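K.L.:
The following block contains the structure, expressed as structure tokens.
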Amino acid sequence: MVSRAEEFLGLQLPSSYIEVLLRKNGGVLKRRRFPTRFATSWAADHFEIRALLGIGGKWGDRFRLRYGQC
């Protein structure tokens, strides 16, 4: 599935992201805010990740991959 997603997207996913997919194929994070030393579009000192999208399965992004809405 990873190879198919990479082919569809025309890019290679980072190995660290693939490792996360192998452990947990997406989901909601317990800790959502991550500090930065610079301003972001979220805030002056952090950014937020609401969820990690997986490939297929419950947290997968099958709809987006299938209909090209990535």
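The values are calculated or read from the model by the stated rules, or taken from the named source; none is laboratory data. A quick note: this is a predicted structure, and the numbers were derived from the prediction, not measured. Cβ atoms come from the backbone with ideal geometry, glycine included; neighbour counts cover every protein chain shown. For accessibility, only protein heavy atoms count, side chains too; no ligands or nucleic acids. Shrake-Rupley method; radii C 1.70, N 1.55, O 1.52, S 1.80 Å.
K.L.:
Just reorder Ser41, Ser16 by solvent-accessible area, largest first, 1.4 Å probe, all chains present.
P.N.:
Largest to smallest exposure gives the sequence Ser41, Ser16.
K.L.:
Amide H of His46 versus every other amide H placed in the peptide plane: which residues, excluding those fewer than 5 positions away on the same chain, fall under 5 Å?
P.N.:
Amide H to amide H, under 5 Å and 5 or more residues apart or across chains, His46 pairs with Thr36, Thr40.
K.L.:
Could you give the length gained on full extension between Ser15 and Thr40, defined as 0.36 nm per residue of separation minus the Cα-Cα distance, in nm?
P.N.:
Computed gain between Ser15 and Thr40 is 6.5 nm.
K.L.:
Also, I was wondering about something else. Determine, from the Cβ-Cβ distance of Arg32 and Arg4 and an R0 of 30 Å, the FRET efficiency 1/(1 + (r/R0)^6), rounded to the nearest 0.05.
P.N.:
Details: r = 29 Å, r/R0 = 0.97.
Given R0 = 30 Å and the Cβ-Cβ separation, E is 0.55.
K.L.:
Calculate one ³J(HN,Hα) per residue across the stretch 25-38 by plugging θ = phi - 60° into the Karplus curve 6.51 cos²θ - 1.76 cosθ + 1.60, and present them in order as whole Hz with x for glycine and proline.
P.N.:
7, x, x, 9, 7, 5, 9, 9, 9, 10, x, 10, 9, 9
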